[in-house]
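Asks: My structure is below; once you've seen it, I'll send some questions.
The values are calculated or read from the model by the stated rules, or taken from the named source; none is laboratory data. Keep in mind that what you see is a predicted model, and the values were worked out from it rather than measured. Cβ placement follows ideal geometry from the backbone for every residue including glycine, while neighbour counts extend to all protein chains displayed. Protein only, heavy atoms only, side chains kept; ligands, DNA and RNA dropped before computing areas. Shrake-Rupley method; radii C 1.70, N 1.55, O 1.52, S 1.80 Å.
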Amino acid sequence: MRLVLTGSGASRGMALGRARLEHPSRYLVDERPLPEDEIDAEIERLKRAIEIAREELSLLREKLHGTMAREVAEFIDAHSLMLADRELTSGIFDLIRRGRYRASAALKMQRDRLVAVFEAMDDPYLRSRKEDVEHVIARVQAGLQRESSTEERKLASRVGEILVSDTVAPSELVPLAELGVLGVVLSSGSRVSHGAILARSLHLPMIVAAHDALGAIRDDDLILIDGESGVVIVHPASTDLARYRNWQRESLQRSKQLALLADRDTRTRDGVAIALHANAESTADIAQARASGAAGIGLYRTEFLFLQRRELPDEEEQYQVYREVVLGMGGLPVTIRTLDLGADKADSSGLVLDDEENPALGVRGVRLSLRHPQLMRTQLRAILRASAYGPVRVLVPMICAAEEMLEMRRLLRECARDLRTEGYEIPDNVELGAMIEVPAAAIALPNMIRELDFIAIGTNDLVQYTLAVDRNNDHLANLYDPLHPAVLKLLAQTIATAHRAGKRVSLCGEMAGDRRHTALLLALGLTDFSMHPGVLLEVRETIGAIDREQLRKHAAALLRAPTRERIERALTRMHAAGATVAITATESTS
Ligand code: PEP
Ligand code: MG
């Protein structure tokens with residue numbers, strides 16, 4: 001029966017496909033004792049589920065291709081080996097036979113036992129491997145829930161699949177996209193999480209915070225997802241399918257219309273030139289940035305290179321990647337951000353990080369870099385070598401204090417000097433900038449601006465740290481508000497301080513690519529944006545319909561507004577005065 005579930009759109013686009021429940025941590029476990037005469041049947045069920053899990057892993061392995069294939073294959077092989085491990089499986093069969101547990105309860109029990117063993121290990125790397133056990137057992141649990149035949153499953157694996165899960169690590173998304181997954185539905189998560197940002201970069205429609213998804217969707221159900229409205233339709237009706245076809249037609253038309261703007265300058269209606277840079281983390285992003293006529297790369301996230309692998313990338317590997325980006329941009333500036341691992345991005349990175357109670361406030365970004373200077377030297381050397389092929393800037397995340405910048409500059413100079421001694425041609429003045437994403441840095445910017453060549457405002461984190469609201473916590477989504485007066489004040493101050501000091505300032509958080517906020521940012525004086533290249537053309541279009549002079553007159557009233565409601569009102573007045581395209585703050589533009 002048709003069922004509509006609501007969540008929040010995190011990466012737009014629609015997708016129609018078969019649901020694929022993955023890593024579900026909340027599968028129902030049947031705890032009732034097993035009657036003796038059902039033991040053999042239960043053992044058979046479990047064997048079948050293990051077989052399904054094995055089959056799936058081998059199908060998955062067959063489909064691997066592309067850059068991550070080798071690393072992902074290693075994981076798959078490790079998981080297949082675990083499934084063949086008698087110690088793992090015989091323990092579960094024993095629990096069914098002797099303990100009279102049902103298969104799902106036995107799996108859960110074995111998982112808890114093994115996880116406890118891994119957690120007690122001293123070696124942090126081995127300790128982190130408990131995740132492999134969890135993934136393998138979750139896969140068998142999923143197999144237990146499936147009632148379709150092998151043939152049907154093979155068929156389902158050929159038609160498009162939509163992942164339905166509670167969470168997904170950013171590192172898991174790339175292989176999923178490579179495997180042709182059409183979209184993602186998560187029962188938790190938020191649209192500013194790194195997973196969501198990456199999904200947009202991979203053009204994977206994504207719904208987050210669809211709280212009922214795991215309970216209501218079954219494997220192989222046909223589902224239609226709409227990343228714009230955040231809706232998931234289970235067993236869509238013919239009217240839904242018609243709407244989907246309509247959307248396909250319209251989005252094709254819309255992209256043709258926007259493509260006409262690709263080689264235009266970005267100017268406001270009253271003629272002010274605005275720079276639109278692209279955020280990137282993959283080669284596809286670079287191609288799209290070029291195709292959209294981006295002014296350069298305003299944020300190249302390098303974490304992607306470090307995720308889902310057991311060893312750190314060496315200088316040569318990093319150099320090749322950065323050089324490709326620089327060459328790909330054909331002489332336009334490329335801003336490469338140094339490693340921003342920690343917090344929610346540090347999964348299986350080859351870097352052994354201590355567990356932290358509160359990683360968002362822990363060893364993250366520049367803090368991690370300065371604790372591992374060798375890691376940083378390797379990255380800075382690779383960036384500097386790539387800078388011989390085109391204009392490169394280095395951007396440092398999570399800056400709190402001038403001392404951190406001074407230390408990074410010392411490292412950068414030291415690397416440049418060493419490279420020159422080794423015979424490399426390194427340009428003289430590779431610019432070093434700071435991300436302003438911690439309120440301390442925004443507040444103390446006048447004190448440290450001398451140390452910065454340029455500034456990039458990271459609103460994703462600035463909002464989280466200013467409002468003390470975890471950007472990944474869907475239960476706090478209503479409090480994660482980029483329009484909070486404190487955030488607006490910090491933005492206005494940061495832009496003004498940078499302009500007064502004659503330093504370039506751009507904004508590269510998700511706000512920059514959200515056209516609901518374009519007029520507001522222009523009113524606050526921003527002239528340099530960096531956003532996902534997929535939204536660059538529509539922001540260019542929005543800017544072309546705005547009279548900046550008119551907007552600027554409303555900035556003071558906006559900054560004085562005491563409540564969210566008054567801010568909305570000031571925005572509506574501002575839009576009426578300065579924007580020919582009416583954009584309301586409630587319009588959805590994920
Ligand atoms: C930000 O915080 O706004 C930002 C661009 O960095 P990230 O999303 O990678 O933390
Ligand atoms: Mg950030």
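Asks: Determine, for the chain, the count of lysine pairs separated by eight or more sequence positions (or lying on different chains) whose alpha-carbon distance falls under 17 Å.
Replies: 4
Asks: Using alpha carbon centroids, what distance separates the stretch 202-221 and the stretch 102-116, in Å?
Replies: 26
Asks: Given 0.36 nm per residue, what is the gain on full extension from ALA388 to HIS235 after removing their alpha carbon distance, in nm? Don't skip to the answer; put the middle values down first.
Replies: Values: separation 153, 0.36 × 153 = 55.08 nm, distance 5.48 nm.
Stretched out fully, the ALA388 to HIS235 stretch lengthens by 49.6 nm.
Asks: Further question on the same structure: Can you work out the Karplus-derived ³J(HN,Hα) for every residue in the stretch 410-417? Use 6.51 cos²θ - 1.76 cosθ + 1.60 with θ = phi - 60°, whole Hz, and x for glycine or proline.
Replies: Whole-Hz 3J(HN,Hα) from phi for the stretch 410-417: 4, 4, 5, 5, 4, 5, 4, 4.
Asks: Starting from the Cα gyration tensor of the stretch 210-272, take the square roots of the eigenvalues, sort them a ≥ b ≥ c, and report rounded, prolate or oblate (rounded when a/c is under 1.5, otherwise prolate if a/b is larger than b/c, else oblate).
Replies: prolate
Asks: Also: With the other protein chains left in place, how much accessible area per residue, in square angstrom, belongs to the chain at a 1.4 angstrom probe?
Replies: Result: 44 Å² of accessible area for each residue.
Asks: Pop out the ³J(HN,Hα) list for the stretch 495-508 in order, Karplus 6.51 cos²θ - 1.76 cosθ + 1.60 with θ = phi - 60°, rounded to Hz; leave Gly and Pro as x.
Replies: Each residue of the stretch 495-508 in turn: 5, 5, 4, 5, 5, 4, 7, x, 9, 5, 10, 10, 10, 10 Hz.
Asks: Taking amide H positions as placed 1.01 Å from N in the peptide plane, with prolines and chain starts having none, which residues 5 or more places from SER11, or on another chain, fall under 5 Å of its amide H?
Replies: MET206
Asks: How much length, in nm to one decimal, is gained on full extension between ALA557 and ASP265, taken as 0.36 nm per residue of separation minus their Cα-Cα distance?
Replies: Result: 102.1 nm gained on full extension.
Asks: Using Cα pairs closer than 8 Å and at least 6 residues apart in sequence, work out the relative contact order for the stretch 379-481, in percent.
Replies: 27
Asks: Could you work out how much longer the chain between ARG569 and GLN253 gets when fully extended? Use 0.36 nm per residue separation minus the Cα distance between them, nm to one decimal. Let's see the in-between values first.
Replies: Numbers: separation 316, 0.36 × 316 = 113.76 nm, distance 3.34 nm.
Result: 110.4 nm gained on full extension.
Asks: With each run of n ≥ 4 DSSP H residues scored as -39500 (n - 2.57), what mean residue ellipticity at 222 nm is computed for the chain after dividing by its residue count and rounding to the nearest 500 deg cm²/dmol?
Replies: -14500 deg cm²/dmol
Asks: Moving to a separate point now. Size of the dipole of the stretch 296-434 about the Cα centre, Lys and Arg at +1 and Asp and Glu at -1 on the beta carbon, nothing else charged, in debye to 20?
Replies: Roughly 380 debye, rounded to the nearest 20.
Asks: Roughly to the nearest percent, how much of the accessible area of the chain is carbon and sulfur, given a 1.4 Å probe?
Replies: Values: 13130 of 25690 Å².
C and S fraction of accessible area: 51 percent.
Asks: Would you kindly derive the ³J(HN,Hα) couplings of the stretch 240-249 from the backbone phi angles with the Karplus curve 6.51 cos²θ - 1.76 cosθ + 1.60 (θ = phi - 60°), listing them in order in whole Hz, with x for Gly and Pro?
Replies: Here the 3J(HN,Hα) series is 5, 5, 5, 5, 4, 5, 4, 4, 4, 5 Hz.
Asks: So, one more: Tell me the net charge near ALA486. Cut-off is 15 Å between Cβ atoms, ALA486 excluded, with +1 for each Lys or Arg and -1 for each Asp or Glu.
Replies: Net of charged neighbours comes to +1.
Asks: Quick one: longest stretch of the chain between exposed loop GluC sites (Glu not before Pro), exposed meaning at most 11 other C-beta atoms within 10 Å and loop per DSSP?
Replies: That gives 148-310 as the longest site-free run.
Asks: Let me ask another. Pull up the DSSP beta bridges for the chain and report the antiparallel fraction as a percent, rounded to 5.
Replies: 35
Asks: Let me have the relative contact order for the chain, percent, based on Cα pairs under 8 Å that are six or more residues apart.
Replies: Values: 1099 pairs, mean separation 88.0, N = 590.
Here the relative contact order equals 15 percent.
Asks: Just going by the charge dipole of the chain, with Lys and Arg at +1 and Asp and Glu at -1 on Cβ, which of ALA388, TYR480, LEU522 is farthest out on the positive end?
Replies: LEU522
Asks: Take GLU119 and THR6, extend 7 Å from each Cα along the Cα→Cβ direction, and tell me the distance between the two endpoints in nm.
Replies: Taking the two extended label points, one gets 3.7 nm.
Asks: Next question, about the same structure. Show the residues, 5+ positions off or on another chain, whose built amide H is closer than 5 Å to the amide H of GLU431.
Replies: Counting only residues 5 or more places away or on other chains, the set is VAL394.
Asks: Place a +1 charge on the Cβ of each Lys and Arg in the chain and a -1 charge on the Cβ of each Asp and Glu, then give the dipole magnitude about the Cα centre in debye, rounded to the nearest 20.
Replies: Dipole magnitude for the chain comes out near 2040 debye.
Asks: Here's another thing I want to ask about it. Classify the stretch 296-434 as rounded, prolate or oblate, taking a ≥ b ≥ c as the square roots of the eigenvalues of its Cα gyration tensor: rounded when a/c is under 1.5, otherwise prolate if a/b is larger than b/c and oblate if not.
Replies: prolate
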